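Asks: The structure under discussion is supplied below as structure tokens; questions concerning it will follow.
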Amino acid sequence: MPPSTASDNGKPSRREQILTAAAELFARHGFHGVGIDDIGAAVGISGPALYRHFRSKDAMLGEMLTSISERLLDGGQRRVDGATDPATALRELVRWHVDFALDDPALITVQMRNLANLTDPDRRRVRALQRRYVEVWVDTIRETVSGADEPAARAAAHAVFGLINSTPHNAHLDRGQMAALLGRMALAALTAAGARDDGTPPTPAPAVAPAAGQVS
């Protein structure tokens, strides 16, 4: 959730606690399956007391999904800006999204399932942020993967999002193993964006392979 919601002592503020509890409940039961009283009970306050922090459940969801989109965009852009070359930027983007999905599975689930439940202004805001995040990936893929045109890079980015975002439903590996597997699969899929329609494989791009200390 946004850093501004943290209390001065570094502990989660009541507002942040509410958003965290709401995300877990929305992910488990669906937006329409959760009431204000359920969220209040999860943080130890009465349902009506939540209205001191949020004017409605819709407003709560709007802030939640806007925050997720802002975090993904800001984190992805920082990693690209701090990379020394495009291949490193692509690895960092993959690692960033993998870490987000594995560390905040409830938020990923809520994001995937609840866009239609947003108010129109919130939906437009979230969509705009999501489009900007996709463009960060598309630009980086095209700079890194030989032969990847704009449509292929865009399709590959969305395919990789689908791969990584499915992790809340996978419990077969521990966190480290899952991160490594997703990293390898995502980078392989992104490299394939440069393949030709006749089945000719893409030009090998050794620089895309994970480096020491990176997703492997």
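Asks: Open to solvent by less than 30 Å² (accessible area, probe 1.4 Å), within 20 Å of LEU19 (Cβ to Cβ) and within 17 Å of the chain's Cα centre (by Cα): which single residue out of LEU118, LEU129 fits that description? Break it down into steps so the answer makes sense when it comes.
Replies: On the way: LEU118 fails: within 17 Å of the chain's Cα centre (by Cα).
Testing whether each residue is open to solvent by less than 30 Å² (accessible area, probe 1.4 Å), within 20 Å of LEU19 (Cβ to Cβ) and within 17 Å of the chain's Cα centre (by Cα) leaves just LEU129.
Residues are listed down the side, and each one gets a yes or a no for (1) under 11 Å from ILE18 (Cβ atoms); (2) out of contact with any strand residue (DSSP E or B) (no Cβ under 6 Å at 6 or more places or on another chain); (3) open to solvent by less than 10 Å² (accessible area, probe 1.4 Å):
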residue	(1), (2), (3)
MET60	yes, yes, yes
ILE68	no, yes, yes
ARG71	no, yes, no
ARG78	no, yes, no
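Asks: Any residue in the range 169-183 that's under 16 Å from TRP96 (Cα atoms) and surrounded by 10 or more Cβ atoms within 10 Å (Cβ to Cβ): show its pairings with residues that are among the acidic types (Asp, Glu) and at pLDDT 85 or above at Cβ separation under 8 Å, as long as the two are six or more apart or on different chains.
Replies: If the second residue must be among the acidic types (Asp, Glu) and at pLDDT 85 or above, the pairs left are ALA179/ASP99.
Asks: Can you say whether ALA49 is touching a helix residue (DSSP H, G or I) at 6+ places or on another chain (Cβ under 9 Å), within 22 Å of LEU182 (Cβ to Cβ) and of a type in the set (Gly, Ala, Ser), as far as the supplied structure shows? Reasoning before the result, please.
Replies: Numbers: touching a helix residue (DSSP H, G or I) at 6+ places or on another chain (Cβ under 9 Å): yes; within 22 Å of LEU182 (Cβ to Cβ): no; of a type in the set (Gly, Ala, Ser): yes.
Spelling it out, it is not the case that ALA49 is touching a helix residue (DSSP H, G or I) at 6+ places or on another chain (Cβ under 9 Å), within 22 Å of LEU182 (Cβ to Cβ) and of a type in the set (Gly, Ala, Ser).
Asks: SER56 - would you say it is hydroxyl-bearing (Ser, Thr, Tyr) and either touching a Gly at 6+ places or on another chain (Cβ under 6 Å) or over 27 Å from GLU135 (Cα atoms) (or both)? Step through it out loud before you land on a result.
Replies: Numbers: hydroxyl-bearing (Ser, Thr, Tyr): yes; either touching a Gly at 6+ places or on another chain (Cβ under 6 Å) or over 27 Å from GLU135 (Cα atoms) (or both): yes.
Against the criterion (hydroxyl-bearing (Ser, Thr, Tyr) and either touching a Gly at 6+ places or on another chain (Cβ under 6 Å) or over 27 Å from GLU135 (Cα atoms) (or both)), SER56 qualifies.
Asks: Does THR84 satisfy the condition of being out of contact with any strand residue (DSSP E or B) (no Cβ under 7 Å at 6 or more places or on another chain) and surrounded by 15 or more Cβ atoms within 10 Å (Cβ to Cβ)?
Replies: Values: out of contact with any strand residue (DSSP E or B) (no Cβ under 7 Å at 6 or more places or on another chain): yes; surrounded by 15 or more Cβ atoms within 10 Å (Cβ to Cβ): no.
Taking the combined requirement at face value, the residue does not satisfy it.
The values are calculated or read from the model by the stated rules, or taken from the named source; none is laboratory data. This one's a predicted model, so the numbers in the text were calculated from it and none came from an experiment. Virtual Cβ from ideal backbone geometry, glycine too; neighbours counted across all protein chains shown. Just so you know, the surface numbers come from the protein's heavy atoms only, side chains and all, with ligands and any DNA or RNA stripped out. Shrake-Rupley method; radii C 1.70, N 1.55, O 1.52, S 1.80 Å.
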